[in-house]
Amino acid sequence: SARPYIVKLGAEGGIAWSRYFYSLYYTEGGYTVDLNDSGNEVYMIAEYVGDLYANDDTLGYAAGMHSIVGMETVSGEVIDQFGISSYLSTLHLVQCNHNDEVIVAGESGWNGVIYKLNSDLTSLLETTVFDGPSLFEGVKSLTVDDNSNLYALVYIPDTTNVVVSNNTINTIIPTPGTKNMAIIKFNANGHWKYSKTYVANDLRVDWHANDLEAAFT
């Protein structure tokens with residue numbers, strides 16, 4: 001099976017360490033990585049079915065998960081791991097804020113989702129859901145500013161409720177039948193601050209769900 005991997009390169013390009021992850025059944029790949037503020041930990045998402053192994057050491061025992069893995073940047077030792085079901089989910093984004101929290105995002109079911117965890121990956125602190133009637137909604141990119149405000153680039157084809165920890169805090173009403181996206185700002189406490197919606201002029205007959213997967217800062 002395909003094995004996601006992460007490699008640390010030294011200042012001159014030499015390999016300092018490497019880690020690979022795999023399942024006995026199936027492993028799809030490794031996605032975004034990000035460092036915490038101190039630079040002593042790096043986080044990555046790997047998707048797998050069955051037990052997850054890291055360089056032949058058992059790491060987890062749950063089937064069908066997105067595994068958020070934390071590693072020491074000095075040695076590559078795996079120090080933290082948290083699993084989120086991968087059933088009908090695509091979680092590819094990882095972003096560390098300045099409060100020692102780890103944020104992951106993507107799609108779950110037919111909704112966009114953002115999960116906030118503590119740096120030890122032992123507790124799920126907050127869940128944000130972009131809940132609308134259409135398929136292929138999703139969070140396409142994340143970034144944070146110096147005050148740990150979070151900005152999410154989200155695809156929103158129809159009326160979309162923004163729900164944080166089971167409380168609806170905003171409803172976005174984009175232009176029907178066209179390609180819409182929004183940049184949504186949340187403060188460090190997860191409270192919605194604003195939404196800026198953008199729309200293309202053409203119908204979404206040629207739309208693909210991954211068309212907006214791009215980094216921004």
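Below is a table of values for the structure above.
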| read-out | value |
| --- | --- |
| Residue identified as surrounded by fewer than 16 Cβ atoms within 10 Å (Cβ to Cβ) and in contact (Cβ under 8 Å) with a residue 60 or more places away in the chain among Leu24, Leu35, Leu88, Leu9 | Leu35 |
| Residue within the range 150-167 that is loosely packed, with under 13 Cβ neighbours inside 10 Å and modelled with pLDDT under 70 present | yes |
| Odd one out for Ser67, checked against (1) open to solvent by 40 Å² or more (accessible area, probe 1.4 Å); (2) closer than 30 Å to Thr160 by Cα; (3) hydroxyl-bearing (Ser, Thr, Tyr) | (1) |
| Residue among Thr58, Thr90, Thr143 that is in contact with a Phe, Trp or Tyr (Cβ under 7 Å, 6 or more places away or on another chain), part of a strand (DSSP E or B) and not aromatic (Phe, Trp, Tyr) | Thr143 |
| Of residues in the range 40-59 being at pLDDT below 75 and open to solvent by 10 Å² or more (accessible area, probe 1.4 Å), the one farthest from the chain's Cα centre (by Cα) | Asp51 |
| Residue ID - surrounded by the most Cβ atoms within 10 Å (Cβ to Cβ), chosen from residues in the range 72-85 that are assigned to a loop (DSSP other than H, G, I, E, B) and free of Cβ contacts under 8 Å to residues at least 40 places away in the same chain | Glu77 |
| Answer residue from the range 112-140, given it is polar (S, T, N, Q) and outside any strand (DSSP E or B) and is modelled with the lowest pLDDT among those | Ser134 |
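The values are calculated or read from the model by the stated rules, or taken from the named source; none is laboratory data. This is a predicted model, so every value here is computed, not measured. We place every Cβ from the backbone using ideal geometry, glycine too, and count neighbours over all the protein chains shown. Keep in mind that these areas ignore ligands, DNA and RNA; they rest on the heavy atoms of the full protein, side chains included. Shrake-Rupley method; radii C 1.70, N 1.55, O 1.52, S 1.80 Å.
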